[in-house]
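What follows is one structure encoded as structure tokens, with my remarks underneath.
The values are calculated or read from the model by the stated rules, or taken from the named source; none is laboratory data. All values derive from a computational prediction rather than experimental measurement. Because the Cβ atoms are built from the backbone with ideal geometry, glycine has one as well, and the counts that use them run over all protein chains shown. Ligands, DNA and RNA are excluded from the accessible area calculation, which covers all protein heavy atoms including side chains. Shrake-Rupley method; radii C 1.70, N 1.55, O 1.52, S 1.80 Å.
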Amino acid sequence: MVHSGALDALVQALRLLPGVGVKSAQRMAFHLLQRDRDGALQLAQALQQAVHGVGHCERCHTFTEGALCATCLDSERDATRLCVLETPADQAAMERTGAFNGLYFVLMGRLSPLDGVGPKDIGLAQLLARASDGAVQEVILATSFTAEGEATAYAISEALKSRGLQVTRLARGVPVGSELEYVDLGTIAHALVARR
């Protein structure tokens with residue numbers, strides 16, 4: 001085990017990253033200190049700049065350095081379609097597809113009563129106000145297909161029903177390039193129900 005206070009603190013800090021255990025954190029810390037001190041300084045500076053300079057977009061809640069993100073400021077985006085996502089990482093994935101040219105609303109989480117996460121914690125009131133701005137015609141629910149993601153999509157859908165908006169949900173099904181024998185049964189069942 002590590003015996004230096006500063007080294008222990010670095011290992012513990014690295015363990016804050018998702019999926020990083022003690023051994024991985026130690027390997028990273030040792031690598032940075034032994035082989036790449038310049039990289040360690042660059043990482044420290046980038047983290048400090050991001051923590052102090054990156055906030056949330058006033059309209060969609062994704063990460064941005066200004067009051068509004070580049071997507072919300074883009075006049076070429078289709079303002080009639082609003083895609084609701086759980087995290088900025090989900091938004092980045094959606095953008096990488098190149099298939100969506102509308103606007104976004106990032107919940108920064110999902111409903112999870114067992115963890116004490118309710119509608120106020122995910123900005124449901126702000127979402128309803130945004131979806132009712134007069135420009136939005138369709139709200140696309142792109143929350144995860146976990147129990148919490150499904151509950152979140154259902155709650156949002158119910159809240160939006162009375163507002164005259166078209167509410168749709170991302171389709172789910174068999175992944176492209178996969179073989180049926182290796183796909184889980186739940187995915188096959190959903191793909192069969194939602195067949196076209």
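Between A194 and V117, what length in nm is gained on full extension when 0.36 nm per residue of separation is reduced by their alpha carbon distance? Display every interim value, and only then the final one.
On the way: separation 77, 0.36 × 77 = 27.72 nm, distance 3.02 nm.
Full extension from A194 to V117 adds 24.7 nm.
Expected output is a single nm value to one decimal: the length gained when fully extending between L43 and A151, i.e. 0.36 nm times separation in residues minus the C-alpha distance. What is it?
Separation in residues times 0.36 nm, less the Cα-Cα distance, equals 35.1 nm.
Which percent of Cα pairs goes in each bin when the distances of segment 1-94 are cut into 10 angstrom slices starting at zero?
It works out to 14, 33, 24, 20, 9, 1, in whole percents.
With everything on Cα atoms, drop me the angle between helix 147-161 and the longest principal axis of the chain, reported from 0 to 90° to the nearest 10.
Rounded to the nearest ten degrees, it is 40.
Ranked from highest to lowest mean number of other Cβ atoms within 10 Å per residue, what is the order of the peptides 88-96, 33-41?
Those peptides, ordered most packed to least, come out 88-96, 33-41.
Could you give the Stokes-Einstein D for the chain in µm² per second, using the C-alpha Kirkwood radius, 10 °C, 1.306 mPa s?
The calculation lands on 80 µm²/s.
Report the far tail of the P(r) of segment 62-108, meaning the percent of Cα-Cα pairs longer than 17 Å.
Tail fraction, whole percent: 25.
Are there trypsin sites (Lys or Arg not before Pro) in segment 118-172 that DSSP puts in a loop and that have at most 14 other Cβ atoms within 10 Å, and which ones? The partial results should precede the final answer.
Details: sites: K120, R130, K161, R163, R169, R172; in loops: K120, R163, R172.
Sparse-neighbourhood loop trypsin sites (Lys or Arg not before Pro): K120, R163, R172.
Can you tell me, using C-alpha contacts under 8 Å and at least 6 residues apart, the relative contact order of the chain as a whole percent?
13 percent
Helix-only mean residue ellipticity at 222 nm, the chain, DSSP H runs n ≥ 4 weighted -39,500 (n - 2.57), per residue, nearest 500. What is it?
Value at 222 nm, helices only: -13500 deg cm²/dmol.
Heads up, I need the accessible area for T187: 1.4 angstrom probe, whole protein in place, Å², nearest 10.
Estimated to the nearest 10 Å², T187 gives 40 Å².
Please list log₁₀ I(q)/I(0) at q = 0.19, 0.25 Å⁻¹ for segment 1-50, using the Debye equation with identical point scatterers on the alpha-carbon positions.
Cα-only, vacuum Debye calculation for segment 1-50: -0.62, -1.02.
How far, in nm, would the chain grow between A13 and L73 when pulled straight, counting 0.36 nm per residue and subtracting the alpha carbon separation?
On the way: separation 60, 0.36 × 60 = 21.60 nm, distance 3.53 nm.
Taking 0.36 nm per residue and subtracting the Cα distance, the gain is 18.1 nm.
Please get the size of the charge dipole for segment 121-196, origin at its Cα centre, with Cβ charges of +1 on Lys and Arg and -1 on Asp and Glu, quoted in debye to the nearest 20.
360 debye
Put +1 on the Cβ of every Lys and Arg and -1 on every Asp and Glu Cβ in segment 142-196; which of L165, A194, L180 then has its Cα farthest towards the positive end of the dipole?
Looking along the dipole axis, the top candidate is L165.
Just to confirm the number: angle between the C-alpha axis of helix 5-14 and the first principal axis of the chain, 0 to 90 degrees, nearest 10?
Roughly 20 degrees between the two axes.
Treat every Asp and Glu Cβ in the chain as -1 and every Lys and Arg Cβ as +1, leave all other atoms uncharged, and give the resulting dipole magnitude about the Cα centre to the nearest 20 debye.
100 debye
Order V193, V176, V167, most accessible first, counting only protein heavy atoms with a 1.4 angstrom probe.
Sorted by accessible area, descending: V176, V193, V167.
Just to be sure I understand: of the beta bridges DSSP finds with both ends in segment 76-196, what percent are antiparallel, rounded to 5?
Counting DSSP beta bridges with both partners in segment 76-196, the antiparallel share is about 5 percent.
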